1. Kindly provide the helix-only [θ] at 222 nm of the chain, computed as the sum of -39,500 (n - 2.57) over DSSP H runs of four or more divided by all residues, to the nearest 500 deg cm²/dmol?
2. Using a 1.4 angstrom probe on heavy atoms only, work out the carbon and sulfur share of the accessible area of region 61-138 in %.
3. Write down the accessible area per residue of the chain in Å², having rolled a 1.4 Å probe over the full set of protein chains.
4. Once fully extended, how much extra length lies between Arg234 and Arg110, figured as 0.36 nm per residue of separation less the alpha-carbon to alpha-carbon distance?
5. Need the list of aspartates and glutamates near Lys187 for cross-linking: C-alpha distance under 13 angstrom, and skip anything on the same chain fewer than eight residues off.
6. Arrange the peptides 8-17, 28-37 so that the one whose residues have, on average, the most other Cβ atoms within 10 Å appears first.
7. Could you tell me which helices of the chain pass both thresholds, a Cα extent of 18 Å or more along their own axis and a mean Kyte-Doolittle hydropathy of at least -1.0, with helices taken as whole DSSP H runs?
8. If you build a Gaussian network model of the chain, linking Cα atoms that sit under 10 Å apart, which residue out of Arg24, Arg95, Arg157 swings the most?
Amino acid sequence: MDINDSVALVTGANRGLGRAFAQRLLERGARKVYATARRPETVDLPGVEALPLDITSPASVRAVAAAAPDVTLLVNNAGIQTGTDLVTGSLAAVRHEVDTNVLGHLEMIRAFAPALARNGGGAIVNVLSAMSWFGTRGAGAYHLTKAAAWAMTNGVRLELAEQGTLVTAVHLGLADTDMSAGWPVDKIAPSDLADAALDGVEAGAAEVLADQWSRDVKSRLTLTPEEFNAAMDRALAALAA
């Protein structure tokens, strides 16, 4: 699909990657951009239509779908990272990440799929992570949710193919946002990530590996678990050095 003249809805659009997506959509000629956030008054980007949205609330998702029936591009960006381990961490925190990063995205897809079909098929972008494929201590819940979101993305892609809806998975290492502020390493600029994702949509790509880190991690998936873990330990050590 062509980004120019599209009607897009971006979740978590008040800051970070979501704000960058909304801005680049406007700059690339989108006819309308719905910028959603739990508190829409925090959306400060001129030219967008701000809407309230809590993706963990089915009622909120239904309301935003009713308010934006003309959407042709859904960008599932909203997400959280609670820093929770799976065995010793808070199970409530794990559930909160699953509800947000997996079921929240699925809820949005289910709500908007009929509108996308009516509007010619359109496209869905799911912002995932290189942590779809590896975990670290202190981020077990995040790894769980991104792996599950990757599987969910692959599943809905098959289910929505018949109605002509493109489903694009976007993987990245670290973007220069508040979530990664404590990591003094190279990070992809949010605008570059948004452009990579939107270029992928225009090319009809099912997957976008937005930076070298995500490309390197995925290239190791053919290794045995022992080899993979050793390679990731070396890569993470080099990153922290």
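The values are calculated or read from the model by the stated rules, or taken from the named source; none is laboratory data. As the structure is a prediction and not an experimental result, all values here were calculated from the model. When we count neighbours, we look across all protein chains shown, and the Cβ atoms used for this are built from the backbone with ideal geometry, even at glycine. Keep in mind that these areas ignore ligands, DNA and RNA; they rest on the heavy atoms of the full protein, side chains included. Shrake-Rupley method; radii C 1.70, N 1.55, O 1.52, S 1.80 Å.
1. So the helix-based figure for the chain works out to -13500 deg cm²/dmol.
2. Exposed carbon and sulfur together represent 56 percent of the surface.
3. Values: 10960 Å² over 241 residues.
Heavy-atom accessible area per residue stands at 45 Å².
4. 40.6 nm
5. Within reach: Asp176, Asp178, Asp211.
6. So the order, starting with the most tightly packed, is 8-17, 28-37.
7. For the chain, where a helix must reach 18 Å along its axis and average at least -1.0, the hits are 105-118, 140-160, 190-203, 225-240.
8. Comparing Arg24, Arg95, Arg157 in a Gaussian network model of the chain, the most mobile one is Arg95.
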